[in-house]
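Here is the structure we will look at, set down as structure tokens.
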Amino acid sequence: MGFQSLKRTFLSRRSRLPRESETSGRDEKEVARIAQRLGFKFRRQTGSHAIYVCSEDHRRVVIPMHAGRDLKPKTLRGIIEDLGLTVEEFQRML
């Protein structure tokens, strides 16, 4: 299997990135609330990054806590993946 076919396979399995309109107004507090609803507990904060850990399987998610700034779409996408959700599941939880 060549590189191009692997790349196509990988890209076809990924959900699309959230659009700017879908992520506008998504601040860190909303994301932290969703993490807590999913069973993640606040562990500690290092600088401006809050670290939440799931007590069941010890998964970790790091949420940047920059006051007054919305999360960038790719950052939000990474957090969504760390939470174990798809973009659509995340949007339903808002």
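Assorted remarks:
- Backbone HN-Hα couplings from phi across the stretch 55-72 [Karplus 6.51/-1.76/1.60, Hz, Gly and Pro as x]: 6, 6, 10, 6, 5, 10, 9, 10, 10, x, 10, 9, 4, x, 10, 6, 6, 6
- Cα centre as origin, Lys/Arg/Asp/Glu Cβ charges: the stretch 28-92 dipole, Debye: 240 debye
- Label point distance in nm, residue 92-residue 27, each placed 7 Å from Cα along Cα→Cβ: 2.7 nm
- Relative contact order (%) - criterion: Cα under 8 Å, at least six apart; region: the stretch 39-94: 21 percent
- Taking each residue as 0.36 nm, the span from residue 41 to residue 65 lengthens on full extension beyond its C-alpha to C-alpha distance by 7.1 nm.
- Here the stretch 42-84 is treated as a sphere whose radius is the Kirkwood value from Cα pairs; by Stokes-Einstein at 25 °C and 0.890 mPa s it diffuses with a coefficient of 223 µm²/s.
Since every read-out is calculated from the coordinates, none of them should be taken as a lab result. Fair warning: this is a prediction, and the values are worked out from it, not measured in the lab. Because the Cβ atoms are built from the backbone with ideal geometry, glycine has one as well, and the counts that use them run over all protein chains shown.
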